[in-house]
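I have placed the structure first, in the form of structure tokens, so that the comments after it can refer back to it.
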Amino acid sequence: MNFELDTYDRKIVALLQTNARLSFSEIGRRIHLTSPAVAERVRRMEEAQVITGFTACINLRALGYIFEALINITVESHEALDTWANAHPEVLALHATTGSHCALLRVAVTAPEHLQSLISSLAPIGKTTTSIVLSTQFEDRPRVPGDQLPTALRLP
């Protein structure tokens, strides 16, 4: 489905990325639309998969995870890796990648031994290279529509 965002849609998306708990009436007040108009626009953007869900941001440390790691892996079977990742709730993200590795896992762990156990359990699936995340400058930053990027950053 081809869906073009107009100025109001862009404002709604920006506000929801800042706070997905804003009511339609509050969004409408801020952008000068009625609550039903905002609701209809959000519904259309959901149908067009511009908006794919609403979620809470969770502090991993509050849940007992002390650090995150990035595990690059080279595998013969992506299916085996998918199965492994689905069985491990510590996996926050799994990305297929290009380069010297074919996938990147982002994991949250409760202790260095926990990370060691995860890496060991990946050994039968593939060869890994692991980096520990020391700090994160920003994460889940608001998305900007591609046509709003500076011209120099867009392809001709």
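Values as computed for the structure displayed
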read-out	value
Share of carbon and sulfur in the accessible heavy-atom surface of the chain [1.4 Å probe, %]	54 percent
Charge context of Tyr8, other residues only, Cβ under 15 angstrom, K/R +1, D/E -1	+2
Förster radius 22 Å - calculated FRET efficiency between Leu63 and Val91, Cβ distance, rounded to 0.05	0.95
Residue-level accessible surface for Leu115, protein heavy atoms, 1.4 Å, Å²	10 Å²
Taking the convex hull of Cα positions in the chain, its mean projected area over all directions (nm²)	12.6 nm²
Three-way shape label, the range 1-62, alpha-carbon gyration tensor, a/c 1.5	oblate
Exposure of Asp9 as accessible area (Å², to 10), given a probe of 1.4 Å and all protein chains	0 Å²
Mean Cα-pair separation over length for the chain, i.e. relative contact order, pairs under 8 Å, 6 or more apart, %	22 percent
Per residue value of the accessible surface for the range 24-145 (all protein chains in place, 1.4 Å probe), Å²	66 Å²
Excluding exposed DSSP-loop trypsin sites (Lys or Arg not before Pro) (at most 15 other C-beta within 10 Å), longest clean stretch of the chain	22-142
Gyration tensor (alpha-carbon) shape descriptor, the range 44-95, a/c threshold 1.5	oblate
Once exposed loop chymotrypsin sites (Phe, Trp or Tyr not before Pro) are cut out (DSSP; at most 10 other Cβ, 10 Å), longest piece of the chain	55-137
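The values are calculated or read from the model by the stated rules, or taken from the named source; none is laboratory data. All figures in this text were calculated on a predicted structure; none of them were measured in a lab. FYI the Cβ positions are ideal-geometry reconstructions off the backbone, even for glycines, and counts take in every protein chain you see. Only protein heavy atoms, including side chains, enter the accessible area calculation; ligands, DNA and RNA are left aside. Shrake-Rupley method; radii C 1.70, N 1.55, O 1.52, S 1.80 Å.
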